[in-house]
Amino acid sequence: TGMVTAIRNIERCVEKAGLKVDDIVLEPIASSLAVLTTEEKEVGVALLDIGGGTTDLAIFEEKTIRKTSVIAIAGKKVTDDIRRGLGILQDQAEMLKVNYGAAHMSEIVQDDPLLIPGISGRAPKEVSRGTLCQIIQPRMEEILEIVRDEIQASGYGRNLSAGLVITGGGAM
């Protein structure tokens, strides 16, 4: 599903790259083919794909997709929180998130200080991994709270015998 013009633009881009489009697949279905088993889809599973711009939820039961939701909060929002919280550049924030980020304080074994180069000749900034986590954790909790509410509202929450599978770049 999607806007016809957007889908055609994607097809043109793929073709300009010298490839042929065989089919267009709903993103949660494509993700499910990569990370879920047939058994998980049969007994009930929720797939959470945390990307850069959106977080996608798909609920499967009896091998069929029963519900999809798109949440407009994802990895880029986490990066923006870090950028604003530390007063650093977007590229620096993304590097910190990818290389040193943690979504829960229990994941931090050593609270090593991280050195961030200064801007325009200013002195470098020092930030701890714990401080970085204190910025990341609330946003990730917000995403998971929204997902919990979506699952409960769907009526399929009790039928997820295989639980919740989390994937995507933002999940890292």
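Here are some notes:
- In segment 100-127, the residue that is farthest from the chain's Cα centre (by Cα) out of those that are among the polar types (S, T, N, Q) and within 19 Å of residue 172 (Cα to Cα) is 110.
- The residue pairs whose first member lies in segment 153-172 and is aromatic (Phe, Trp, Tyr), whose second member is outside any loop (DSSP other than H, G, I, E, B), and whose beta carbons are closer than 8 Å, counting only pairs six or more residues apart or on different chains, are 156/46; 156/59; 156/61; 156/66; 156/67.
- Residue that is farthest from residue 104 (Cα to Cα), among those in segment 122-154 that are open to solvent by 80 Å² or more (accessible area, probe 1.4 Å) and of a type in the set (S, T, N, Q): 152
- Sole exception among (1) open to solvent by 70 Å² or more (accessible area, probe 1.4 Å); (2) more than 23 Å from residue 156 (Cα to Cα); (3) among the charged types (D, E, K, R) for residue 62, by number: (2)
- Residue in segment 40-59 that is under 15 Å from residue 171 (Cβ atoms), small (Gly, Ala, Ser), loosely packed, with under 13 Cβ neighbours inside 10 Å and touching a residue at least 24 places away in the same chain (Cβ under 8 Å) present: no
- Pairs with Cβ under 8 Å, 6+ apart, first in segment 96-107 and over 11 Å from residue 134 (Cβ atoms) and buried (at least 16 other Cβ atoms within 10 Å of the Cβ), second modelled with pLDDT under 95 and charged (D, E, K, R): 100/129
- Selection within segment 155-166 - open to solvent by 60 Å² or more (accessible area, probe 1.4 Å), farther than 24 Å from residue 75 by Cβ and in contact with a helix residue (DSSP H, G or I) (Cβ under 9 Å, 6 or more places away or on another chain): 161
- Residue within segment 15-25 that is surrounded by fewer than 18 Cβ atoms within 10 Å (Cβ to Cβ) and part of a helix (DSSP H, G or I) present: yes
- For segment 28-61, the tally of residues that are within 30 Å of residue 132 (Cα to Cα), in a loop (DSSP other than H, G, I, E, B) and not hydroxyl-bearing (Ser, Thr, Tyr) stands at 3.
- If you check 79, 5, 55, 68 for being farther than 29 Å from residue 137 by Cβ and polar (S, T, N, Q), only one passes: 5.
- Boolean, residue 12 is basic (Lys, Arg), farther than 26 Å from residue 79 by Cα and at pLDDT below 95: no
The values are calculated or read from the model by the stated rules, or taken from the named source; none is laboratory data. The shown structure was predicted, so the numbers you read here are calculated from the model rather than taken from an experiment. No Cβ is skipped: glycine too gets one built from the backbone with ideal geometry, and neighbour counts run over all protein chains shown. Side chains are part of the model used for accessible areas, which takes the heavy atoms of the whole protein and leaves out ligands, DNA and RNA. Shrake-Rupley method; radii C 1.70, N 1.55, O 1.52, S 1.80 Å.
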